[in-house]
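The values are calculated or read from the model by the stated rules, or taken from the named source; none is laboratory data. Note that the structure is a prediction, hence the values are computed from the model and not measured. Please note: Cβ atoms are built from the backbone with ideal geometry, for glycine as well, and neighbour counts cover all protein chains shown.
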Amino acid sequence: MFKKFSRLVRYAAPLALAAFVSSIPADAQKPAAVVTTNNPALTLNLKSDTAVVSACSDSGAPQVRLTANAVSPEHHPITYRWTTTAGTIVGEGPVVTWNLAGLKPGYHKASLDIVSTGGSGECQAFSSVTVLVNACAPVRPVCPAVEISCPTAVAIDKPLTFTSRSTGGTAGITPVYNWTVSAGTITAGQGTDTITVDTTGLAGQTIRASLSVGGYNLECAADCAVSIPVPKLTSRRFDEFPDIARNDEKARLDNFAIEMQNDPTATAYVIVYPGKSGKRGEVQQHAIRVVDYLVNSRGLDQRRIVTLVGPARDQLDVELWITPQGATPPNP
């Protein structure tokens, strides 16, 4: 009996196993596929052409050149994505310009993400650089070159015009003009680059015009001097009279003496013109009479009196001249 059972089991077991296996889904019967990623790593080296810039670049807005040296070992295309904490990236790809215009002083960062996609999958790399923006150095004010053009046509009691010219200096400053003169009166132009000065009564004096240009927090100044000419000294005829009564002549000589006393350096010239029909010796007698009265009656120094004889006229005539020191004497 046991022999028959064991024989049955031996024949039935393979059949049961075959039925079990046939009941398993076909997909579950295949071994699972194993996907392995074995892309070589990307390499990225990011550099900037400078690590420090000034907010006041002389050449314009401060800029930094960024260069990415990225290598894909399998030579797959690389995508570049730039970002910054401030400023603007100009351009694309491995070489760009970082515009830092208008940024506040301090550190600012530019970052780069690169991606390379190949048949074996996607690879990424990341890098960043930091640049320091320095504050603008304080601008030191610079005086302009100030020149004053002195007037060349200078005449007695005529107004003078002084004109200034300023070149260079700190840009953006509106100059403030303040004039002073050593003599005379500024009648027009104060606060501008040109003034007019009244010189009445200043003959023989020197007028210095000084200009201070404000607004630069510095002493920016210039000056210019002009000499007013001295009036040309000339002899002047004080009086003229014919052969008049003695008392009338004395009255004329009294006034003449007073004028001479007002200028102790002047010289008195008495010119006697003889009459064509005059008597012999009357010119000399008349001249002696005039000088005697001026010296003995009016107290003039005889050394200050010069007598001259002029050409004959229709009748005897006397001229009284006052010649300031240095002036040309009269020529009868």
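A few remarks follow.
- Of the residues making up the range 160-187, those that are of a type in the set (Val, Ile, Thr) and part of a loop (DSSP other than H, G, I, E, B) are Thr170, Ile173, Thr174.
- Qualifying residue in the range 208-225 (condition: in the same structural domain as Gly169 (by TED's automatic domain parsing), at pLDDT 95 or above and either among the β-branched types (Val, Ile, Thr) or part of a loop (DSSP other than H, G, I, E, B) (or both)): no
- Residues that are surrounded by 13 or more Cβ atoms within 10 Å (Cβ to Cβ) and over 60 Å from the mean Cα position of the chain (by Cα) within the range 256-266 comprise Phe256, Ala257, listed in sequence order.
- Residue list for the range 65-89, restricted to those being surrounded by 12 or more Cβ atoms within 10 Å (Cβ to Cβ), assigned to a strand (DSSP E or B) and under 45 Å from the mean Cα position of the chain (by Cα): Arg65, Leu66, Thr67, Trp82, Thr84, Thr88, Ile89
- Of all residue pairs spaced 6 or more apart or on separate chains, those with beta-carbon atoms under 6 Å, a first member in the range 270-289 that is touching a residue at least 24 places away in the same chain (Cβ under 8 Å) and a second member that is among the basic types (Lys, Arg) are Tyr273/Arg313.
- Residue in the range 293-304 that is assigned to a strand (DSSP E or B) and surrounded by 13 or more Cβ atoms within 10 Å (Cβ to Cβ) present: no
- The sole residue among Val95, Val131 that is closer than 29 Å to Ala41 by Cβ, modelled with pLDDT of 90 or more and exposed (fewer than 15 other Cβ atoms within 10 Å of the Cβ) is Val95.
- From the options Asp254, Asp301, Asp292, Asp314, residue that is in contact with a Ser or Thr (Cβ under 9 Å, 6 or more places away or on another chain), of a type in the set (Asp, Glu) and over 18 Å from Arg237 (Cβ atoms): Asp314
- Answer from Val176, Val96 - the residue that is closer than 30 Å to Ser212 by Cβ and among the β-branched types (Val, Ile, Thr): Val176
- Between Asp223, Asp239, Asp248, the distinction of being more than 30 Å from Asp157 (Cα to Cα) and of a type in the set (Asp, Glu) belongs to Asp248 only.
- Tally, over the range 121-150, of residues that are among the basic types (Lys, Arg) and part of a strand (DSSP E or B): 0
- For Leu253: the one exception among (1) at negative phi; (2) modelled with pLDDT under 95: (2)
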